[in-house]
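Asks: Quick one: the structure is below, questions incoming.
The values are calculated or read from the model by the stated rules, or taken from the named source; none is laboratory data. All of these numbers come straight from a predicted model, not from anything done at the bench. Reconstructed Cβ throughout: ideal geometry from the backbone, glycine too, with neighbour counts over all protein chains shown. Protein only, heavy atoms only, side chains kept; ligands, DNA and RNA dropped before computing areas. Shrake-Rupley method; radii C 1.70, N 1.55, O 1.52, S 1.80 Å.
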Amino acid sequence: MSVLKSRPVLRWLVPVAAAVTVIGGGAAVGTFAAEAEPSLPPRTAAQLLVDLQTAQLEGLSGTVVQRADLGLPPIAGLAAGSNDLAALASGTHTLRVWHSGPDRQRIALLDTLGERDLIRNGRDLWTWDSRGNTATHRTLGSAAAGKHGTGDDAAPELPATPQQAADQALAAIEPSTVVSVGRAATVAGREAYELVLEPRDETSLVHQVRIAIDADEHVPLRFEIFATGSDQPAFEVAFTQIDFQRPDADQFTFNPPPGVTVQEEKADRTDRPAHRAAMPEHPRVRTVGTGWTTVLVAQVGEAGAKGAAGTTSPAGGEIAGVLGSLPEVSGAWGSGRLFTAKLFNVLLTDDGRVLAGAVTPERLYEAARG
């Protein structure tokens, strides 16, 4: 169970599932600069967890830089060309964020060609792309209006902010995790404690997760995840500038620029959460295991039709060709191909299954046998 369930005040951004709709290629910036280690009063890991649960946050604005070096094979580059979420899996991206209470949030992704915004103002949800001067508007249903932040049952997504990343990591704190306090740090000009999470299970590809927590406001300022065998973060997201003043209301009012094409989308249903409103159901998806070594199992193809790894893949001929070049693997579970990266592995079986997790290939094979 997440230690953050009773801490709704810190869920200060729209669901990640909505945020990734406006995130694409970002502007390259320098790596996060190291700053002098501050001298802070000692605090235990338990005290830092309580700090996160009891923090009171009225508003903030700031600049977030996200960088990923996941060691992805070439197929990831093909996917990133048409998928905003996949684009976040490599390179460096810069975002501006604003938060003012549970129903006013804004995220703007900045790149060399323009800006993409997602703005929530009460029940109004706007997205805008400056490159095409196009916008969409949706009226959130009553269930969505009552939700803010990432729901506990939300599908896991690549986090766009330190808080979202911290929420996902802290949800795994159980007997499966060693929790300790790291070195103090200075992030975005603010003093911070460092909470360190380390999986006990050696089949996890995650070596450590480090979360820098603001010493005064108790909000995550930086999130880093290290793969086994690496001393450099495979994924990190951090504030480079932050202001804890409540932003002006004007920041959440979208005024369509001249010539913009606005598309009105159907209002969300009132009987399901916002992050599910525009997402199809996936009855053929299940999970195996818990915590850090959870494996996601999806039935995406049919046996005898070359399965998930075959050239009949709906992703298209080019991607199917790359899939076909992945290493062939087989065992008591069957046969297929293996997609490997620093922090996760994916097994595509010939009988149409996809198994994925931040685990070793052996753990995937075990799940495939079950």
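Yes or no, residue by residue, for (1) among the basic types (K, R); (2) part of a loop (DSSP other than H, G, I, E, B); (3) modelled with pLDDT of 70 or more; (4) open to solvent by 60 Å² or more (accessible area, probe 1.4 Å):
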| site | (1), (2), (3), (4) |
| --- | --- |
| G259 | no, yes, yes, yes |
| K266 | yes, yes, yes, yes |
| R269 | yes, yes, no, yes |
| H275 | no, no, no, no |
| P280 | no, yes, no, yes |
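Asks: What are the residues in the stretch 113-148 that are open to solvent by less than 40 Å² (accessible area, probe 1.4 Å), modelled with pLDDT of 90 or more and under 22 Å from the mean Cα position of the chain (by Cα), if any?
Replies: Hits for the stretch 113-148 are D117, L118, I119, R120, L125, T127, D129.
Asks: Okay, next question. Show me the helices (runs of 4 or more DSSP H) entirely contained within the stretch 33-106 in which 1 or more residues are at pLDDT 85 or above and farther than 17 Å from F235 by Cβ.
Replies: Where helices (runs of 4 or more DSSP H) fall fully within the stretch 33-106 and carry at least 1 residues being at pLDDT 85 or above and farther than 17 Å from F235 by Cβ, they are 45-54.
Asks: Would you point out the residue of the stretch 107-131, among those that are in a strand (DSSP E or B) and among the β-branched types (V, I, T), that is nearest to T63 (Cα to Cα)?
Replies: I107
Asks: Taking the stretch 347-365, which residues are crowded, with 20+ Cβ neighbours inside 10 Å and either within 18 Å of the chain's Cα centre (by Cα) or not hydroxyl-bearing (S, T, Y) (or both)?
Replies: L347, L348, D350, G352, R353, V354, L355, G357, A358, V359, R363, L364
Asks: Have a look at G336, G291, G304, G317 and point out the one that is more than 20 Å from the chain's Cα centre (by Cα), over 17 Å from L72 (Cα atoms) and at pLDDT 80 or above.
Replies: G336
Asks: Given (1) surrounded by 14 or more Cβ atoms within 10 Å (Cβ to Cβ); (2) assigned to a loop (DSSP other than H, G, I, E, B); (3) modelled with pLDDT of 65 or more, identify the lone condition not met by A298.
Replies: Of everything listed in (1) surrounded by 14 or more Cβ atoms within 10 Å (Cβ to Cβ); (2) assigned to a loop (DSSP other than H, G, I, E, B); (3) modelled with pLDDT of 65 or more, A298 misses just condition (2).
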